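This report refers to the structure that appears directly beneath it.
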Amino acid sequence: MVSPKTDSSIRGARTVPRSPRIMDEDNSHIHRDHSARPIARDERARIWRHGALNGAELFQGSYRKYEFAHHFHSVPAIGVVERGSMSCYCRRATHILPLGTVLLWNPGEVHAPGPAHSKQWSFRVFFFEDELFRVRSTDLARNVLRFSKPFVEDRRLASSLLRLHRKLETHGTALDIESSIFEVFAQLAQKHTCLPVQIHRSGIEKTKIDRVKEYLDAYYRQDITLDDLAAIAQFSPYHLLRTFRSSVGLTPHAYLIQIRIEEGKRLLRTGNSISDVSASTGFTDQSHFTRHFKRIMGVTPGQYLPRPQHG
């Protein structure tokens, strides 16, 4: 990704923060909500990190009617449906996922969880940063693992994932957690991975779309127009919209929002305020940033902020 220009008013704009210790349920401020559509009393969500698993974020969400926006993650994501059933858009179709379904999203895989037939549904996810995922992959294979399917039914793997994720809600020992991580990656490597697949498109077309993505990556703070992007790609605006969506899985505007949210997450982790982050990432105001953040992450920026460690 092209490195964006930094804002001198934002601390740590180019700094990768160290993972804090685990946040307990009270410190995660589950019920605090700054969004236009508050989470209902029987809907909960949080993201946290555990000091014994550097390089991973942990998510747990329990919902009734909440629908995520179409989005992707820049890192591999592994999860499991913990309760009820949920729907999920992925790979140009909407899937109904029963209890115990394992979720395997490669970086850049566009998806959108939502309600299905259950009155309440919940899922848990690990977001593995690139270095951690690479190291654990190469323990078992020559290349970085890539998932072959976004959803699989594998009771043993689902149990391993749930057991590990729940351990990370406590102060588990490093040895126990590392052993559990190895078990999970071994099961993934044996059954649910493949060699990276190259999607064949016109070389010229791909180069032009890549150029548009690089521009959005670099200038996401600016007010970018469709005509700007069409000029970069040397396409008509209509052709750019159609080709970009076919190639990336999102419209240029949705991709721009995603890039802004990824940068916002990074800045929140370094201790910047929500108002400062929203102003520095191209959003019109804090409510605009919060609304999009929650639609993609399932939690608000207030819930995502790192909490002071006690003791």
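The values are calculated or read from the model by the stated rules, or taken from the named source; none is laboratory data. Computed from a prediction, not measured in an experiment: that's the story for all the values here. Glycine gets a Cβ as well: all are built from the backbone with ideal geometry, and neighbour counts include every protein chain shown.
Things to note:
- In segment 148-155, the condition of being assigned to a helix (DSSP H, G or I), at pLDDT 95 or above and not assigned by TED's automatic domain parsing to the domain that holds Phe293 is met by at least one residue.
- Considering each residue of segment 137-150 in turn, none proves to be closer than 20 Å to Gly61 by Cα and touching a helix residue (DSSP H, G or I) at 6+ places or on another chain (Cβ under 8 Å).
- Failed condition for Arg163, given (1) surrounded by 15 or more Cβ atoms within 10 Å (Cβ to Cβ); (2) closer than 30 Å to Ser87 by Cβ: (1)
- Some residue of segment 199-208 being at pLDDT 95 or above and either among the small types (Gly, Ala, Ser) or buried (at least 17 other Cβ atoms within 10 Å of the Cβ) (or both): no
- Elements of type helices (runs of 4 or more DSSP H) contained in segment 194-305, each with 1 or more residues being over 19 Å from the mean Cα position of the chain (by Cα): 203-218, 226-233, 237-248, 274-280, 286-297
- Segment 103-136 - residue that is under 14 Å from Ala56 (Cα atoms) and crowded, with 17+ Cβ neighbours inside 10 Å and, of those, nearest to the chain's Cα centre (by Cα): Phe127
Per-residue answers, yes or no, for (1) assigned by TED's automatic domain parsing to the domain that holds Phe293; (2) closer than 25 Å to Trp105 by Cα; (3) out of contact with any Asp or Glu (no Cβ under 7 Å at 6 or more places or on another chain):
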{"site": "Leu241", "(1), (2), (3)": "yes, yes, yes"}
{"site": "Val248", "(1), (2), (3)": "yes, yes, yes"}
{"site": "Tyr255", "(1), (2), (3)": "yes, yes, yes"}
{"site": "Leu267", "(1), (2), (3)": "yes, yes, yes"}
{"site": "Gly271", "(1), (2), (3)": "yes, no, yes"}
{"site": "Ser280", "(1), (2), (3)": "yes, no, no"}
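- When residues in segment 282-307 are screened for being buried (at least 22 other Cβ atoms within 10 Å of the Cβ) and over 23 Å from Pro107 (Cα atoms), 1 of them pass.
- Some residue of segment 231-247 being out of contact with any helix residue (DSSP H, G or I) (no Cβ under 7 Å at 6 or more places or on another chain), touching a residue at least 40 places away in the same chain (Cβ under 8 Å) and basic (Lys, Arg): no
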